[in-house]
Amino acid sequence: MCPGMNRHGDASACHATCGQAGAGPAERVFRRHSGRVIFRRCFPVLVLAAAVAVSPLPGRAQAAGQGGEMAALRDAESRRAQGDLEGAAALLRGVLETRPASVAALLELEQVARLLGDPALVIEPASRFVEADSGSALGYQVLLRTYTALRRPDDIERTAEAWIRATPDTETPYREIARTWETFGDPGRAVRVLERGRERVGRPDALALERAELYARLGDRNRSLEAWDLALGPEGRGLMVVRRRLATLPDAGAGYMPGIIDRLVAPGSSLGRRRAAIELAIAAGLEDRALDVAQGLAGELPRSERQPFLLDMARRADGARMARLGYWAYSELIAAGGAESRNLALRSRAAELALAVGDTATARETYVELERGAPAGSEERRQAMVVRLEVTAREGRLDEAMRGIETFRSEFPNSPELDGLVAAVAAVALERGEVELARDLVEGASGPRSAMVRAQLALRAGDVTAARAAYTMAAAGLRGEEATRALAMATLLGRLSTPAATLVGRAMEALAQRATEEALALLLEESVELPGGDRSAILDFAAGLADRNQMPVEAESIRRTLIEEHPRAPEAPAALLALGRALLRHPESVAAARDLLERLVLEYPGSALVPQARRELDELRRGDR
Amino acid sequence: MQTQYMRRKVEMFRLLPILFVAVSLVFAGQARAQYLLVPMGPEQTDHLRAYGLTYWVLEQGNEAEWLLNYRSGSFLLPDRPEIRREAALRGVSTEPVSVADVVQIRQEIERSNMESIILEKAPTIAVYTPPNTPPWDDAVTLALEYAEIPYDEVWDRDVLQGRLSDYDWLHLHHEDFTGQYSKFYIAYANEPWLHDEIRRNEAMAQEFGFESVPALKKAVAEEIRRYVAEGGLLFAMCTATETLELALGAVGVNIAAPFSSGMPIDPDASRKMQWDRTMAFQNAKIELNPGVNSFSDIDGHQVNTPWSAPLGTFTLFDFSAKFDPVPSMLVQNHESVLPDFYGLTTSFRRDRLKPGVVVLAEEEGSPWVKYVHGTYGEGTWTFFGGHDPEDPRHRIGDAPTDLSLRRNSPGYRLILNNVLFPAAQKQTLKT
């Protein structure tokens, strides 16, 4: 279908896309005179014209004009797709002979030449491109890439000098030439080109970003920092692009962030630079630093700018999940006053953050205020009550929390939050060893979260069947990671013998009391005597626990044990993949990671995890890691 | 022989699926649908923020799908509490859909002129705009601000320092790349803002060693061309469309009035233009009279001249969603005939288009088109004539368009189509 056809089938727009329409010369001749005579006279001409039209003569596009150039380019693309690289190259060379400055043809020819394994094919057309369009960088870039591929440093140097001579005062040639030398494997030369460019262009921030990156790659930290600083500019306007470039460094720029921030907040720095410092600190996860700079800056801002600044800090803190920064910003906003409805929203958020930073007293007070201020039976009151009761339980006042739950139940009998509230308070009860209290709490509750608590209680009591049923019930009502975990527990309990399931129950008891190390020790030590199938499942469970509790060393050790002791266990492939991925995070253990991933692929060919292992290995091979 | 333990185990195993289904039914009210459909037909409460919501979903690391021609180009998002919350906060209407619903949708897509495009990453966006320009001065930045889609501002310094390569998508503000300050000196010669603009541009030209502002803008135009040739995606409106092309073609020839270039316009400029270097237009006649408020005859309407053409309507073309996904994406809309709107460049004469340019919208029966797209090297460009789709006769100093009152604007949807299309999977963008 013609891409330009409109909804009424009008092909007039096709003229712009499909070339000229209308009657050709042969048809007009045929109409004007007697048909047969003219046809006999014109027949040989027509045959010859048709033969030329269909013949695959190279360079045919030369005579076609721009409409013909488009056709030739499309034809070349089609031949390339069909594997006729020689044919494609011939067509493209033909286009470039007619129009040496054709960007599309030149770039396409470069790609085809590479596929043919003969990059030199493009040298002559690129040289003519440079002559025809001396103001353009594209021709020089193609030449530089080609000479790099051919490993011809003298030609790179010659082309580079020609380009610099053509446009000595612009940054582009120095930037691209430096990149070429670095690709060629001569970073020292790349540095010299950039410094030469900086001197010639004469601006202090000239090529700053490129120098910063190159010095970072060469390990020259001080020069790199100096260059990042220049790239940021006097008002910090270069922040976004600096952040992006930092993110491409091996450690995502983490090693440079503190130093850059120091420079941004040096005495005398502009407000813009200090704001940039805050954004950078937030991006780097340096919450204390961000808070420190933000507090200082807030004090200097005029009132009219302070409010928007605090709002901005609050939003950024929310996005970066920085509870302390957010708590400060929201508290400051509340203190500044404002419309009651806005303040309500701010107080609600501040209370959430107070909880997050552990200031439960302030959080509870705030929620009590919110509860009292909201109309009876309203959603705001209901939600404020839920949080207030959870906080009360967390502060150890379980009796008060339980009384509160009864009041809540009578005021909001069908509340969707009841399940979560009951489960949260029951979890606190279990944490404090108040098992009966927890049991009483979940007795009258229904919902997936209270089902999770019932599962734990059943497991403690040794009732594996009931525990499994409760986990299954919970999984159906949960989403995402919670559902996965519930289902994983149900599956695990289904696999284990009763003694093994009981051991898991005891470990869960320790976990409920936040004794994670004790739980892990229990699982590792007491599973030694269990049959093989139980032991590997428990090791896998323990490794997952260690992961979730940010204990990577323990997780690694457990997985190694699993792989060594039970290489044919169903959990072994997952252990190999997880261990491989963990080791990939450290440059010194990449080789070991590769061994593990290869082992997964070779020794467990039928495993569903093999494609993932292959993907990791492909990324390693490509150097994406 | 089965032990009691094993018999119980087998029994449980048999009961498990039944138990699972029964429990699922019990908790059905509490369980959520798998997807959220963001319909884009007339039923949508806020079309413009729907794009912002989809962008936000991508920013969070999720994938989204763009269902071309399905209910006017709807989006399919994962159903998560935080996405529902965000949609509610933004005022975007959504419909939960189950897996079974999605199967039906896909079947309908399969048998109709529709296609599902996976959007996999939030594109990085740069807006070329002079510093200190208020965002309401440009329709695209207005749209981005309203839809809460983040963008960086870049200007001549950033372009000349090679920063464009950091961005997937570049929008050109209504810059005059011929360096003639949009010929505002004709009507606004004594305005302080024009003097500020001249000062700013001249300082930039001096800093970078250019002898004049037109020379500076030509260098900037060349870097933009290189950006597109190397795979960048360009979107331009109004003056930027025409003047970018003129700047690219005017190698070694002065087409700028003495006011900005310090020398007369070359009387033979039209003949000397190198149309080989341009992306969209060719064979245009340069306006040689500095007192005429026009740049060339590329623009069909010539709004600020005595021969200005009246506004009509323009019609979006249909494309095959399966075979032409890129043009299809660019024309997704709940309306197909839109009211036209002026700009310093309002439209593009058909006979000035290069072969291979894809026309996305036209005023039927007229010698001009409104919205065009093409490829250049590894990248693409899209040009949309006019200044503001909801302000047909915008004048300097007019109040900014309030998009909260225009949240269903079909014209602004075309702008936002361009913002989101770079998010499509790479193989889609290559077709």
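Of all residues being more than 9 Å from chain A (Cβ to nearest Cβ) and open to solvent by 20 Å² or more (accessible area, probe 1.4 Å) in the stretch B:366-380, which is nearest to the chain's Cα centre (by Cα)? Just the residue, please. So that I can check it myself, show each step before the final result.
Our first condition is that a residue be more than 9 Å from chain A (Cβ to nearest Cβ); within the stretch B:366-380, this holds for B:366-368, B:370-371, B:373-374, B:379-380.
Among the residues that remain, those that are also open to solvent by 20 Å² or more (accessible area, probe 1.4 Å) are: B:367-368.
Numbers: B:Pro367: 24, B:Trp368: 20 Å.
The extreme case among them is B:Trp368.
Tell me which residues, restricted to the stretch A:165-186, are open to solvent by less than 40 Å² (accessible area, probe 1.4 Å), of a type outside the set (Lys, Arg) and either farther than 15 Å from B:Gly209 by Cα or under 36 Å from the mean Cα position of the chain (by Cα) (or both).
A:Glu171, A:Thr172, A:Pro173, A:Tyr174, A:Glu176, A:Ile177, A:Ala178, A:Thr180, A:Trp181, A:Phe184
Given the conditions (1) open to solvent by 60 Å² or more (accessible area, probe 1.4 Å); (2) touching a Leu at 6+ places or on another chain (Cβ under 9 Å); (3) modelled with pLDDT under 95, report the number of the one that A:Gly236 does not fulfil.
With respect to (1) open to solvent by 60 Å² or more (accessible area, probe 1.4 Å); (2) touching a Leu at 6+ places or on another chain (Cβ under 9 Å); (3) modelled with pLDDT under 95, A:Gly236 is out only on (1).
Go through (1) away from chain A (no Cβ under 14 Å); (2) open to solvent by less than 30 Å² (accessible area, probe 1.4 Å); (3) among the aliphatic types (A, V, I, L, M) for B:Ala100 and report which single condition fails.
(2)
Given the residues B:Pro290, B:Pro306, B:Pro267, which is the only one that is farther than 27 Å from B:Thr380 by Cβ, more than 28 Å from the chain's Cα centre (by Cα) and in contact (Cβ under 8 Å) with a residue 40 or more places away in the chain?
Working: B:Pro306 fails: in contact (Cβ under 8 Å) with a residue 40 or more places away in the chain; B:Pro267 fails: in contact (Cβ under 8 Å) with a residue 40 or more places away in the chain.
When all the criteria are applied, what remains is B:Pro290.
Do we find that A:Ala160 is assigned to a helix (DSSP H, G or I), more than 14 Å from every other protein chain (Cβ to nearest Cβ), over 23 Å from A:Pro100 (Cα atoms) and hydrophobic (A, V, I, L, M, F, W, C) in this structure?
So A:Ala160 does not fit the description; no.
Residue check, A:Gly185 against (1) closer than 30 Å to A:Gly117 by Cβ; (2) within 14 Å of another protein chain (Cβ to nearest Cβ), all met but one. Which one?
Result: A:Gly185 fails condition (2) only.
Of everything in the stretch A:419-443, what is over 37 Å from the mean Cα position of the chain (by Cα) and within 14 Å of A:Ala470 (Cβ to Cβ)? Give them in sequence order.
Result: A:Ala426, A:Ala438, A:Arg439, A:Val442, A:Glu443.
What number goes with the only condition from (1) crowded, with 17+ Cβ neighbours inside 10 Å; (2) under 24 Å from the mean Cα position of the chain (by Cα) that A:Arg581 does not pass?
Going through the list (1) crowded, with 17+ Cβ neighbours inside 10 Å; (2) under 24 Å from the mean Cα position of the chain (by Cα), A:Arg581 breaks only (1).
Can you name the condition, by its number, that B:Arg157 falls short on among (1) touching a residue at least 12 places away in the same chain (Cβ under 8 Å); (2) not in a helix (DSSP H, G or I)?
Going through (1) touching a residue at least 12 places away in the same chain (Cβ under 8 Å); (2) not in a helix (DSSP H, G or I) one by one, B:Arg157 breaks only (2).
Out of A:Arg217, A:Arg200, A:Arg192, I need the residue that is open to solvent by 60 Å² or more (accessible area, probe 1.4 Å), within 21 Å of A:Tyr140 (Cα to Cα), assigned to a helix (DSSP H, G or I) and away from chain B (no Cβ under 14 Å). Which one? Outline the logic, then answer.
On the way: A:Arg217 fails: within 21 Å of A:Tyr140 (Cα to Cα); A:Arg200 fails: away from chain B (no Cβ under 14 Å).
Of A:Arg217, A:Arg200, A:Arg192, the one residue that is open to solvent by 60 Å² or more (accessible area, probe 1.4 Å), within 21 Å of A:Tyr140 (Cα to Cα), assigned to a helix (DSSP H, G or I) and away from chain B (no Cβ under 14 Å) is A:Arg192.
Just to be sure before I move on: is B:Ala122 in a loop (DSSP other than H, G, I, E, B) and closer than 24 Å to B:Gln34 by Cα in the structure I sent?
yes
Of all residues in the stretch B:310-358 being more than 11 Å from chain A (Cβ to nearest Cβ), out of contact with any strand residue (DSSP E or B) (no Cβ under 9 Å at 6 or more places or on another chain) and closer than 19 Å to B:Gly300 by Cβ, which is most open to solvent (accessible area, probe 1.4 Å)?
Applying the filter and picking the extreme gives B:Pro310.
Table: residues versus (1) farther than 25 Å from A:Ala329 by Cβ; (2) open to solvent by 50 Å² or more (accessible area, probe 1.4 Å); (3) touching a helix residue (DSSP H, G or I) at 6+ places or on another chain (Cβ under 6 Å).
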| site | (1), (2), (3) |
| --- | --- |
| A:Leu355 | no, no, yes |
| A:Thr360 | no, no, yes |
| A:Tyr367 | no, no, yes |
| A:Ala374 | no, no, yes |
| A:Gln383 | no, yes, no |
| A:Val387 | no, no, yes |
| A:Thr392 | yes, no, yes |
| A:Ala401 | yes, no, yes |
| A:Arg409 | yes, yes, no |
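Can you pull out the residues in the stretch A:78-111 that are in a helix (DSSP H, G or I) and among the charged types (D, E, K, R)?
Those that are in a helix (DSSP H, G or I) and among the charged types (D, E, K, R): A:Arg79, A:Arg80, A:Glu86, A:Arg93, A:Glu97, A:Glu108, A:Glu110.
Could you identify the single residue in A:Gly338, A:Gly326 that is under 21 Å from A:Pro302 (Cα atoms), modelled with pLDDT under 80 and not basic (Lys, Arg)?
Testing whether each residue is under 21 Å from A:Pro302 (Cα atoms), modelled with pLDDT under 80 and not basic (Lys, Arg) leaves just A:Gly338.
Looking only at the stretch B:225-241, count how many residues are assigned to a helix (DSSP H, G or I) and within 16 Å of the chain's Cα centre (by Cα). It would help to see each step written out before you state the result.
Keep residues of the stretch B:225-241 that are assigned to a helix (DSSP H, G or I), which gives B:225-229, B:239-241.
The next check asks that each one be within 16 Å of the chain's Cα centre (by Cα); those that pass are B:228, B:239-241.
Total satisfying the criteria: 4.
Quick one: is B:Ser182 within 26 Å of the chain's Cα centre (by Cα) and at positive phi?
yes
What's the number of the condition A:Gln513 fails, among (1) closer than 18 Å to A:Ala574 by Cβ; (2) under 36 Å from the mean Cα position of the chain (by Cα)?
In the conditions (1) closer than 18 Å to A:Ala574 by Cβ; (2) under 36 Å from the mean Cα position of the chain (by Cα), A:Gln513 misses (1) alone.
All but one of (1) at negative phi; (2) surrounded by fewer than 15 Cβ atoms within 10 Å (Cβ to Cβ); (3) within 23 Å of the chain's Cα centre (by Cα); (4) not basic (Lys, Arg) hold for B:Gly61; which doesn't?
(1)
State all residues of the stretch A:220-230 that are surrounded by fewer than 23 Cβ atoms within 10 Å (Cβ to Cβ) and within 13 Å of chain B (Cβ to nearest Cβ); if no residue qualifies, say none.
Hit for the stretch A:220-230 is A:Leu230, nothing else.
The values are calculated or read from the model by the stated rules, or taken from the named source; none is laboratory data. Treat the numbers as computed from the prediction; the structure is a model and nothing was measured. Heads up, the Cβs are rebuilt from the backbone with ideal geometry, glycines too, and the neighbour counts pull from every protein chain shown. These accessible areas exclude ligands, DNA and RNA; they are computed on the full protein's heavy atoms, side chains included. Shrake-Rupley method; radii C 1.70, N 1.55, O 1.52, S 1.80 Å.
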